[in-house]
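Written below as structure tokens is the structure these notes are about.
The values are calculated or read from the model by the stated rules, or taken from the named source; none is laboratory data. None of the values given here were measured: they were computed from a predicted structure. Counting neighbours? That spans all protein chains shown, and the Cβs are built from the backbone with ideal geometry, glycine included.
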Amino acid sequence: MRRGMSAIWGLVTPLIVYYVGYHVVYMVLGMLLAGGGLFFLLEAGSPIVNGIAMLGGCIALFPMIEEEREAQWREKRRREATEAQGESEARKDTGGSVPVLRYLALAVFAVASTVFFNALVSLSGLAEQSAAFQETVKRQYSASIGMGLLLYAGISPVVEEIVFRFLLYNRLRRTAGRAAYGVFVSAFLFGVYHGNAVQAVYAFALGVLIACAYFYFDSFFAPVLFHGIGNAAIFLGSMIPEMRGILFSPVMVWVFGLITAAGVLWAQARVRK
């Protein structure tokens, strides 16, 4: 029982540390802004404050990030020493030497799947029924295009991928000995993290695909690229009517749906462990 509780604590610790760091920085910023007569920025400039707080939460995770980096290095050494040469080479082919074309394909898939799942949410009518989701959307799109891209296509993907894929996914798969376990549980936690039912479903589906990309490419750049490109497509599509007309046209949604379905079948075949 004690070992079980210790394992659970070890898995949830990154989330706890991140949340504590995030809220401490947010409160400090609030006090500084209020003291300087700039308290209104907590509302009007909340995306900026949120981005700074996210970075603060990530900084609090630095010791765990270093620990995970060393654990992955040891795993790689053991894998190279114990696997058959053919299996080892196959694994290396999906790692750091991945051709640029594979990353381009990943970027296309990221846009396709993100837009497709976003379209499904819109068609379902769930978004209109969730006050929490509507409030989140209002806050997110209060930022300028430049600031929004910095936060949603830069800071947010890096920080969230560190928490949910680099730390949680790797801890989960290592504890269970199965990549699939890490994929689905980290995606579930990623959905819960978003705080409302609409985004929870949407984030879970994308979280599964992002973790699968991480597993296949064996590079942290892959989930960050997927997350950042997907967020950028949705944000720009919402801010620029002409772009939204293209991305969410019936023809493109069907095309993106087919690409997403093909990617899901690929992921199912790849993540067998």
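Miscellaneous remarks
- Region 214-224 - residue that is touching a residue at least 60 places away in the same chain (Cβ under 8 Å) and within 11 Å of the chain's Cα centre (by Cα) and, of those, surrounded by the most Cβ atoms within 10 Å (Cβ to Cβ): P223
- Candidates are the residues of region 130-172 that are at pLDDT below 90 and either in contact with a Phe, Trp or Tyr (Cβ under 6 Å, 6 or more places away or on another chain) or among the acidic types (D, E) (or both); the one that is surrounded by the most Cβ atoms within 10 Å (Cβ to Cβ) is G148.
- Any hit, region 73-92, residues being more than 20 Å from C212 (Cβ to Cβ), modelled with pLDDT of 85 or more and touching a helix residue (DSSP H, G or I) at 6+ places or on another chain (Cβ under 8 Å): no
- Test for E242: is it among the charged types (D, E, K, R) and in contact (Cβ under 8 Å) with a residue 24 or more places away in the chain: no
- Out of V224, V201, V183, one residue alone is over 21 Å from L265 (Cβ atoms) and out of contact with any His (no Cβ under 7 Å at 6 or more places or on another chain). It is V224.
- Pair list, Cβ < 7 Å and 6+ apart or interchain, from region 257-273 residues that are at positive phi to residues that are assigned to a helix (DSSP H, G or I) and at pLDDT 85 or above: none
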